[in-house]
Amino acid sequence: MTGISFKGDGMARENFNDLLWFLAVADECSFTRAAAKLGVTQSTLSHTIKRLETRMGLRLLTRTTRNVATTEAGERLRLSLSPRIADIETDIAALMAFRDKPSGTVRITVSDHAFETLVWPKLRPVLADYPDIKLELSRDNGLRNIVEDRFDAGVRLGESLEKDMIAVRIGPDWRLVAVGSPAYFADRSIPQEPQDLIGHNCMSLRLTTSGGLYAWEFQKNGQDLRVRVDGQLTFNTTYPMIDAALAGYGIAYLPENLVADHIAAGRLRLVLDEFSPKFTGYHLYYPSRRQNSPAFTVIVNALRHRDP
């Protein structure tokens, strides 16, 4: 606390340690015990108290061969300082606890698919164990700049990560699949090649940040292929597409794990299966320069992918 100082009436600036050392002597009623408590020599402590008394123009302590007692002025100073020092020590202890205790707000931007299938299922039980952690989850299917938008972290597929970010895998690889209802295909041909989608009513996904429409990604003969589809419906989130596909409004390109049960039950038909590539699983990413808080570390560890 060296360097913290105050100005009294007509006084020069005092070193805060002088007051702390006076308080130690007043509480212990002994220069010997106070010096041992402070880790200084008795002569240094005595010189400091004399300097304080000289600067204040007041006698603060009465010294005898057997003990040390405060004068009237010294006792008033002790009674004034003690609660203030106690408050400062309490505040510092609270700050140190904040450093070590998982608490505070963590802001994450995440797609609706990652939120529903990974992030929320993993974090829901963790939040119950850490009530002092506040979590702000922004559902967004675009590619946000987490630094400019002041997020602590974001969730993206592995191939979309920026090089200057730390990335932690939080989920397995997965793929998008093209599906439509039996009713939709009842009077329409089944697409055999990705290019055949051009003649179909396909649902589009509008990316929130760029405003553009997502081009469906396939692989053909080992080469990446993008198809810009067209249709009656455009969404900015994934889940309504499932209901629209089940209702026969067209072909949707959806995460396989969201429609696997519908495919198995025959409510949706999988097409272009052999052309649907796997994507590197979701990763939590954040700036490499950040100093992680205990709360953020809890969130990262909870989301981290572990092979079954």
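Every number here is computed from the coordinates shown, using simple stated rules; none is lab data. Since we're looking at a predicted model, the values are computed, not measured. Positions of Cβ are generated from backbone atoms using ideal geometry, with glycine treated the same way; all protein chains shown enter the neighbour counts.
Taking the fewest neighbouring Cβ atoms within 10 Å as the starting point, the ordered list for 187, 27 is 187, 27.
Going from the fewest other Cβ atoms within 10 Å to the most, the residues 18, 140, 224 appear in the order 224, 18, 140. Here region 235-262 and region 73-91 have alpha carbon centers that stand 67 Å from each other. Taking 4 °C and 1.567 mPa s as conditions, the chain diffuses translationally at an estimated 52 µm²/s according to Stokes-Einstein applied to its Kirkwood radius (Cα pairs). For the chain, the longest principal axis of the C-alpha atoms and the axis of helix 120-129 are separated by about 20°. Computed from backbone phi with θ = phi - 60° and the Karplus coefficients 6.51, -1.76 and 1.60, the 3J(HN,Hα) list for region 20-28 is 5, 5, 4, 4, 5, 5, 4, 6, 7 Hz; x is used for glycine and proline. Pairs exceeding a 26 Å alpha-carbon distance, out of 134/163; 101/122; 163/278: 134/163. I'd like the orientation of helix 42-56 relative to the chain: the angle between its Cα long axis and the longest Cα principal axis, in ° from 0 to 90, rounded to 10. So the inclination is approximately 90 degrees.
Take every Cα pair under 8 Å whose residues are at least 6 apart in sequence, average their separation, divide by the length of region 174-279, and the relative contact order is 47 percent. Largest mean-square fluctuation among 255, 191, 83, in a Gaussian network model of the chain whose springs join Cα atoms under 10 Å apart, belongs to 83. Between residue 148 and residue 239, the distance separating the two model label sites (each 7 Å from Cα on the Cα→Cβ line) works out to 2.9 nm. Summing Lys and Arg as +1 and Asp and Glu as -1 over all other residues whose Cβ lies under 14 Å from the Cβ of residue 188 gives a net charge of -1. Note that region 174-279 carries a Kirkwood radius of 13.7 Å, evaluated over its alpha carbons pair by pair.
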